[in-house]
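Novice: Mind having a look at this structure? Questions to follow.
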Amino acid sequence: MSILKKVGVVALGGVLIAQFFQPEQNLGEYESVKVFLAETKTSAEVETILKKACFDCHSAKTNYPWYGKITPINYWMAHHVEEGREHLDFSNWSNYSLKKKEHKMDEVHEEVEEKHMPLKSYTITHGDAKLTEEEIKTLVNWGKTVQGEYKMILEK
């Protein structure tokens, strides 16, 4: 057996063994975002947009695709979700201070308006998460309104 075949067999064996080791998945409940949705007076339209384009990476509930159980993809996804939740976690909204909520809403509408969110790497595999110009406008207007309400409370 040539050295190249041996390396291939060892690599394949390593990939197969790696399948038995899985990162922890983000399998919370959709209920975890209800406080956020209620507090920000989210319309059904905005909620639908957030659900398809934001909540997988920015809440306690991720809907994993079929390939989300394949190592090493699952580790990449776990890291991606963890990083997303570090920046903004809609499931943890009730634990944010008013100032932080105001700041996060500023970031939400800015990131969407500048088309930084949702990430291209996400929309490649989740085509429905790619936002239309109308959806961007809807989210930005909603985000600015919510941020303005938080700002008014802070100024009192």
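No value in this document is a laboratory result; all are computed from the given coordinates. Please read all numbers here as calculations on a predicted model, not as lab measurements. Every residue, glycine as well, gets a Cβ built from its backbone with ideal geometry; the counts of neighbours run over all protein chains shown.
Novice: For a paramagnetic label modelled at 7 Å from the Cα of residue 92 toward its Cβ, which residues of the stretch 46-64 fall within the zone defined by backbone nitrogen distances under 17 Å?
Specialist: From the stretch 46-64, the list is 55-62.
Novice: Here's a follow-up. Hey, what did the chain get for relative contact order, percent, Cα under 8 Å, at least 6 apart?
Specialist: Computed value for the chain: 26 percent relative contact order.
Novice: Find the eigenvalues of the gyration tensor of the Cα atoms of the stretch 84-156, then list the square roots of 5 times those eigenvalues as equivalent ellipsoid semi-axes, largest first, in whole angstrom.
Specialist: 24, 15, 8
Novice: Near residue 136, within a Cβ-to-Cβ distance under 14 Å, what is the net charge of the other residues, with Lys and Arg +1 and Asp and Glu -1?
Specialist: Residues close to residue 136 contribute a combined charge of -3.
Novice: Moving on. Tally Lys/Arg at +1 and Asp/Glu at -1 over every other residue whose Cβ is under 9 Å from the Cβ of residue 96; what's the total?
Specialist: Here the charged neighbours net out to +3.
Novice: Do the sum for the chain: with -39,500 (n - 2.57) for every DSSP H run of n ≥ 4, divided by all residues, what is the mean residue ellipticity at 222 nm, to the nearest 500 deg cm²/dmol?
Specialist: Theoretical 222 nm ellipticity from helices: -19000 deg cm²/dmol.
Novice: In the structure displayed, which of 41/144; 51/99; 34/99; 52/100; 130/151; 34/137 lie more than 18 Å apart, Cα to Cα?
Specialist: 51/99; 34/99; 52/100; 130/151; 34/137
Novice: Which GluC sites (Glu not before Pro) in the stretch 70-156 pass both tests, a DSSP loop state and at most 15 other beta-carbon atoms within 10 Å?
Specialist: 114
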